[in-house]
Amino acid sequence: VKANTNQVPPAGSYAATIMALANKKTNQYLCWVGVYKNYLHVYSFTKTAYSNKVSNYTTTGFTSIYIGDLSNTTFNVQVTGVKGGQTKVYVNGELKKTFQSGNESIVMEQLTIGDLRPYRNLKFKGTIYEIEIYNRDISNDEITSNWEHSKNAWGIR
């Protein structure tokens, strides 16, 4: 991706969505990756809980990583996650964060790239060069291979 990392969507305090795998009927997210105020937000196997029409995410299944130093550059993000296990977030081939995945059993209903849902106005402003989705946890060798491919294909330093 390439973007100004200090994005704040008009819809409020949510992240500008890079991509999301979700069930919009149940407000569950198999994976949601977005950018908000110089942070990369990653949700994994989690559900939104509503209280007075304000959404709140549990601490399980969510992390936030500072990426302000990557603003207006091209960078690579890779996320692996196992329900009830660990989610790992890599930026430019380097493991940045490991956190506890959520436990939600999610029937995936939609894949969105560059916006969470049309009526939410959580659009990502930037360039998304490539997205790959696997139905399994990928190995460290595959993470490294994907990173090398991105460096060569998109000129990442």
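When region 113-123 is limited to residues that are surrounded by 15 or more Cβ atoms within 10 Å (Cβ to Cβ) and touching a Phe, Trp or Tyr at 6+ places or on another chain (Cβ under 9 Å), the one that is nearest to residue 45 (Cα to Cα) turns out to be 116.
Looking only at strands (runs of 3 or more DSSP E) that fall completely inside region 13-67, which ones have 3 or more residues that are at positive phi, at pLDDT 90 or above and among the hydroxyl-bearing types (Ser, Thr, Tyr)? Per the criteria, no element qualifies. Looking only at residues that are at pLDDT below 95 and in a loop (DSSP other than H, G, I, E, B) in region 76-91, which one is least open to solvent (accessible area, probe 1.4 Å)? In this case the residue turns out to be 85. Looking only at region 93-112, residues that are open to solvent by less than 40 Å² (accessible area, probe 1.4 Å) and not aliphatic (A, V, I, L, M) come to 6 in all. The residues of region 124-155 that are under 13 Å from the mean Cα position of the chain (by Cα) and either touching a residue at least 40 places away in the same chain (Cβ under 8 Å) or open to solvent by less than 80 Å² (accessible area, probe 1.4 Å) (or both), listed by number, are 124, 128, 131, 133.
The values are calculated or read from the model by the stated rules, or taken from the named source; none is laboratory data. Remember, it's a predicted structure, so these values are computed and weren't measured experimentally. Cβ: placed from backbone, ideal geometry, glycine included. Neighbour counts: every protein chain shown. What goes into the accessible areas is simple: the full protein's heavy atoms, side chains included, and nothing from ligands, DNA or RNA. Shrake-Rupley method; radii C 1.70, N 1.55, O 1.52, S 1.80 Å.
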